[in-house]
Each structure stands twice: as structure tokens, then as C-alpha cells.
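Remarks on the structure that follows.
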Amino acid sequence: MKNIYTSPLVKKRTKWMLTGLVLAVALFFPRQDATAGQAPVNLGSAESFVLLAKSGITTTGVTAITGNIGVSPIDSTAITGFGLILDSSGTFSTSSLVIGNIYAADYTAPTPVNLTTTIGDMAIAYTDAAGRTLPDFTEFGDGDISGKNLVPGLYKWGTGLLIDETGVTLTGGANDVWIFQIAGNLTVNNGAIVTLAGGAQAKNIFWQVAGGTGVEIGTTVQFKGIVLAKKGIAFNTGATLTGSALAQTNITLIANTLTLDAKTFTLQPWHKFPWPMFVPAITGKKI
């Protein structure tokens, strides 16, 4: 077979045409991603708290918690059911139910000042989540996402949000972010499971709840994500959480297992605060 000669000019024109075709396809047929990509909500110094509340944290039954706990401006008398053991430094307490430290506004300095900063960071995070604009999905499922498979993005509801016993699945990569803006209350029915698929991580899921009652997590629910509640958060018997519960009023627990989403703790950003951190914070080990 004879070789067909193609002049350099024809080759160059062909290359230009192919490049133009690729650009045209990219311009007129863009990727149908569900979202341009939300940045995670910055929790600031609240990041290593699995539970943080302004007016109290109460537990009954056999509860198991991994992560720090804090209350402010209320004092330590509002932390009940934990059998607090005050450290000799007076700056934090421990509990047989908690892998981590427990902080309250009446503990020895610098804890009160640091807690004021942390509570302020929680409020900033709530405002950030609530203030994100241009939602990818509005009134999705008419306020009921039960049985749905949700891609990453910003979701907004002018009502409350329900997850019934069929649960919900969030599918995305390890760096994908979900932000749920909920004007009403968040209700998760008994037995529901929030399933993460495709590498999705609880630390990148934010439930911003503005309702006057707050968040009700049913019995044996397996919940995932960072809950930022304007009011209270209630966990019923046997419910579990991977993530954090950050409430601007109170948190109630009944024999629950709550675990800060697995991450490597370092002294950053806590080096600027003289907090006594628990072992994973010092060693850098994962919890």
C-alpha cells in the first residue's frame, strides 16, 4: 500500500479543526454536574467538638462519645448524666462515657474565654451555612427526602425536612460537599439510616436547621454529618451519629453512640489556644 502524503498545512488545519470541535462541545454541551462545588463550612475552633451547646447537654443510659464536649455560657451543672471528673488543672473534666475532654464556662481560665470563641465560631458556621446562595436544588422532594439518592450540592427548603424509616443515601467523592438549608425542623424517623456512598465523608455534610423545635433523631437512627441547629437537638434511644451536633440551645441523649468524623488531629488550629487536648490531638492518631 502506498503511503499517502499529507502536507504540514493540512495537518495543522486538521489539528485546529479538532481543537475547535472540542471547545465547541465543551461550550455548548457542558458537563451536567449537579453542582459547581460548595466549599465546606468552616467550623473554626468548634471543629474538634462532637457536642457543643449553649444551654446544656444531658444524657441517660449507656452513652459512648468520641470527641470533645463543651457548654457555654451555661456552666458545668448543665452537663448531666456524665459523672464528670474535674481535672487537677480545673480547665476541663473527663468522663467514663467520653473519649475526649469536657469543657464548661465555669472552669478555670483560659477555658471560659476559649469557649466564648468556640461558641462564636459555631454561630459563624451556622450563619455561613444559612447564607449560601444559588441553591442547586430548591424544595427538593417537597421536604421529604426519604428513599432518595442525593448528589453533592446546596439544597434549600422553606419548610421542615423529613427522613422516614427508609433513610436517605448521599453519593459523591471524598471532597464533595452537601449543605442542607432547612427553614423548619429536621425530623428523622425511627430506624432511618443516612448512607454514604462513593467515598462521601460525614465531615463534608452540613445540616443547617432553623426550626423553632430543632432536630429530632429517632430511635436506632444512624445519622451522618454536622448538625448546626438554631435550637435543640434530641437523640432518641440507640441513635448513632458520625459527625457533630452543634446546638444553640440544648442537646439531649439517650444511650447513644456519637463519634467525631474520623480525622487526624494535630495542634492546628488549637496551638493558639492553651487547651489540654486529648491523646489523639497530641499524637496525631486517628480516632
Inset, instruction - Just need log10 I(q)/I(0) for region 44-283 at q = 0.10, 0.17 Å⁻¹, Debye formula, equal scatterers on the alpha-carbon atoms, no solvent, rounded to two decimals. - result: -0.43, -1.25
Inset, instruction - Amide H neighbours of D261 under 5 Å, at least 5 residues apart or on other chains, H built in the peptide plane: list them. - result: G243
Legend entry - Distant-in-sequence amide H partners of D87 (H built 1.01 Å from N, under 5 Å): F92, S93, T94
Legend entry - Karplus (6.51, -1.76, 1.60) ³J(HN,Hα), θ = phi - 60°, over region 131-148, in Hz, Gly and Pro reported as x: x, 5, 10, 6, x, 6, 9, 10, 6, 4, x, 6, x, 9, 9, 4, x, 8
Legend entry - HN-Hα J in Hz across region 61-75 - Karplus 6.51, -1.76, 1.60, θ = phi - 60°, x for Gly and Pro: x, 8, 9, 10, 10, 10, x, 7, 10, x, 9, 5, x, 5, 9
Inset, instruction - Determine the relative contact order of region 198-241: mean sequence separation of Cα pairs under 8 Å and six or more apart, normalised by residue count, in whole percent. - result: 43 percent
Legend entry - For N250, distant residues with modelled amide H under 5 Å away: S55, G232, I233
Inset, instruction - Identify all aspartates and glutamates with a Cα-Cα distance to K148 below 15 Å; exclude those on the same chain that are fewer than 8 residues away in sequence. - result: E139, D164, E165
Legend entry - Separation of alpha-carbon centers, region 124-141 and region 157-234, rounded to whole Å: 13 Å
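Bear in mind these aren't lab numbers, they're just calculated from the coordinates by the rules spelled out. Predicted model only: the values in this text are computed from it and were never measured.
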